[in-house]
Amino acid sequence: MGMSLLKTEEPVLLLDDTDHPISIFICLAAIDNEAHLRALASLTKILSDKESLDKLLQAKTNTEIIQIMKEKEGEEEE
C-alpha cells in the first residue's frame, strides 16, 4: 500500500468553489482489492478528528505530518 499526501501552503479552489477550499490532497496506491479499504478507514478516522486535522493543517514539515499520522495510527491500535 502506498500513499502520497500533498499539503498546500494556500488552499486550492476546484472549479472556483469558494465554499470548499482544499489544503490536503491524498493519493492511494492499492496493492489489492482490500488494502485501500483499510487505508481509507484509517484516513477517515484521522481526518474526521478536528484536533488531528488542525495539526495536519498547521504542520510545516514532512516530519511533522508523518509524526501526526503515526500518533493517530498508534491510538487506533490501542
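Bear in mind that the values in this text are calculations on the coordinates, not laboratory data. This one's a predicted model, so the numbers in the text were calculated from it and none came from an experiment. We place every Cβ from the backbone using ideal geometry, glycine too, and count neighbours over all the protein chains shown.
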- Item | 14 Å beta-carbon shell around Lys7, net charge (K/R +1, D/E -1) | -2
- Charged-residue dipole, Cβ positions (Lys, Arg, Asp, Glu), segment 2-77 about Cα centre, Debye nearest 20: 180 debye
- Message: Against the 2.2 N^0.38 Å scaling, with N counting residues, where does the chain land? I'd like the Cα-based Rg ratio to two decimal places.
- Response: 1.16
- Using the charge dipole of the chain (Lys, Arg: +1 at Cβ; Asp, Glu: -1 at Cβ; taken about the Cα centre), state which of Leu57, Gln67, His36 has its Cα farthest towards the positive end. Gln67
